[in-house]
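Here is the structure we will look at.
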């Protein structure tokens, strides 16, 4: 597949390596700042032009939370399979779904493309269901990432927190800030650390007066994210071509993993 990369930072470079290793061709690396990008752009109109001129058959977008909504809205009308890895835009998800449907396009998004992380979500939800039977256990979510990450909590941490809440209906509110009073029983604390070069660590605590259970996912590198994103783009493109996926829809890792 001929792939255009929108965003050519550290993740963009890793996506390029992953795509080539899986037999794909990178036909454009598009960025506003990266000195080695094949196309330098200043706005979403220029991004669209660069993608069109590249002859790309699919797009992977990994940029910045401040730019992602404008990028998505500009790229959807191209009707090319689009995988979005940038987080921090999910408040606009309904609007994007409407646009995808209107344009008969196809979009895939995930806060994390690692197969291991998506298995982690399932484990957390099941564990939360088990522990919710015992009132003496409280729970919390903590995550850590490198100091270049622009948003907190991470999109992955939000997905982990949702998995906790799916398993434990007593938790109905996420709290991201520091507490200055005793937490309410329904509140789930989701805390973040930004430090150094940490690729990504996510931890769920189940704590009682007697003991603590911790479930942790630790990424060694961004390689798993990159490989997953490329595989998802290939799945999306093949699915549309073969007819087992339909245009006008937005897909996630739940669809990919089945």
> Based on the Cβ-Cβ distance of residue 185 and residue 241, what FRET efficiency does E = 1/(1 + (r/R0)^6) give at R0 = 35 Å, to the nearest 0.05?
Replying inline: 0.10
> Along the principal axes of its C-alpha atoms, what lengths does the stretch 72-138 span, in descending order and rounded to whole Å?
Replying inline: 52, 23, 19
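Determine, for 107, 93, the number of other Cβ atoms within 10 Å of each Cβ, and report the residues in order from fewest to most.
On the way: 107 24, 93 11.
By the 10 Å Cβ count, ascending: 93, 107.
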> Among [x] 10; [y] 37; [z] 19, which is the computed percent of Cα pairs over 35 Å apart?
Replying inline: [z]
> When the label point is put 7 Å from the Cα of residue 166 along its Cα-to-beta-carbon vector, which residues of the stretch 188-216 have a backbone N closer than 18 Å?
Replying inline: 188, 202-205, 215-216
> Which value at 222 nm does the chain reach when only helices count, each DSSP H run of 4 or more adding -39,500 (n - 2.57), with the total divided by all residues and rounded to the nearest 500 deg cm²/dmol?
Replying inline: -12000 deg cm²/dmol
> Which three semi-axes in whole Å describe the equivalent ellipsoid of the stretch 113-160, each the square root of 5 times a Cα gyration tensor eigenvalue, listed largest first?
Replying inline: 25, 14, 7
>> Can you give me the C-alpha center-to-center distance between the stretch 1-54 and the stretch 165-197, rounded to a whole angstrom?
In response: 37 Å
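Looking at the chain, send over the antiparallel percent of its DSSP beta bridges, to the nearest 5. Kindly include the intermediate steps, with their values, before the conclusion.
Numbers: 14 of 43 bridges.
Around 35 percent antiparallel, to the nearest 5.
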> Under a plain spin-label model, where a point goes 7 Å from the Cα along Cα-to-Cβ, how far apart in nm are residue 255 and residue 218?
Replying inline: 3.5 nm
> How would you rank 190, 160, going from fewest to most other Cβ atoms within 10 Å of each one's own Cβ?
Replying inline: 190, 160
> Cα atoms only, the stretch 100-208: Rg and Dmax in Å?
Replying inline: 15.4, 51
>> I need 189, 146 ordered by Cβ neighbour count within 10 Å, fewest first.
In response: 146, 189
> Hey, rough spin-label estimate for residue 52 and residue 211, points 7 angstrom out along Cα→Cβ, what's it come to in nanometres?
Replying inline: 6.3 nm
> So how much slack lies between residue 178 and residue 32, counting 0.36 nm per residue of separation and subtracting their Cα-Cα distance, in nm?
Replying inline: 49.1 nm
> What base-10 log of the normalised intensity I(q)/I(0) is obtained for the stretch 139-198 from the Debye formula, alpha carbons as equal point scatterers, at q = 0.15, 0.20, 0.30 Å⁻¹?
Replying inline: -0.46, -0.74, -1.24
>> Between residue 198 and residue 93, how high is the FRET efficiency from 1/(1 + (r/R0)^6) when r is the Cβ-Cβ distance and R₀ = 25 Å? Nearest 0.05.
In response: 0.40
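Laboratory data are not the source of any read-out in this text; all were calculated from the coordinates shown. Not measured: the values here are computed from a predicted model. Virtual Cβ from ideal backbone geometry, glycine too; neighbours counted across all protein chains shown.
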